[in-house]
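First up is the structure itself, then whatever we jot down about it.
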Amino acid sequence: MHIKNTIPAEFVFNSALMKNIENTLIKQHRTINNERMITEIQHRLKTESNEILSDLYLQALDMLYSKPHH
């Protein structure tokens, strides 16, 4: 799958989108790890209709799969 919309990699995990996911996970589980981030992003991606947000979710997933972040 080709991702058309991206942001510079160094900003992905500091984006409001990712901070929202982190805050959601902290409220639900009191902790964040790559597995939970991946699961939450995949869940959101399934219902996302906005192409730009979908691409940003895919970009974040690619980064999470390629190396540990949290």
### Message
If I model a spin label as a point 7 Å beyond the Cα along the Cα-Cβ vector, how far apart are those points for residue 6 and residue 66 in nm?
### Response
0.7
### Residue list for the stretch 44-68, given a label point 7 angstrom along the Cα-to-Cβ vector of residue 17 and an amide N cut-off under 14 Å
44-64
### Task
List the pair-distance distribution P(r) of the chain, using every Cα-Cα distance, as the percent of pairs falling in each 10 Å bin from 0 up to the bin containing the longest distance, rounded to whole percents.
20, 59, 20, 1
### Task
Would you compute, from DSSP H runs of 4+ residues alone, the mean residue ellipticity of the chain at 222 nm, taking -39500 (n - 2.57) per run and dividing by the full residue count, rounded to the nearest 500?
-20500 deg cm²/dmol
### Task
Using DSSP to define loop residues, name the trypsin sites (Lys or Arg not before Pro) in the stretch 14-47 whose beta-carbon has at most 16 other beta-carbon atoms within 10 Å.
30
### Message
Output the 0 to 90 degree angle, nearest 10, between the alpha-carbon long axis of helix 34-47 and the longest principal axis computed from the alpha carbons of the chain.
### Response
50
### Query
On a 0 to 90 degree scale, rounded to 10, what angle separates helix 51-66 from the longest Cα axis of the chain?
60
### Task
Could you state the angle between the C-alpha long axis of helix 16-29 and the longest principal axis of the C-alpha atoms of the chain, as a value from 0 to 90 degrees rounded to the nearest 10?
30
### Query
Roughly how many nanometres apart are two label points built 7 Å out from the Cα toward the Cβ at residue 52 and residue 30?
3.8
### Message
Please list, by residue number, every one of the GluC sites (Glu not before Pro) in the stretch 13-67 that is coil in DSSP and has at most 16 other beta-carbon atoms within 10 Å.
### Response
48
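Computed from the coordinates by the stated procedures, all read-outs in this text should not be read as laboratory data. Keep in mind that what you see is a predicted model, and the values were worked out from it rather than measured. Cβ: placed from backbone, ideal geometry, glycine included. Neighbour counts: every protein chain shown.
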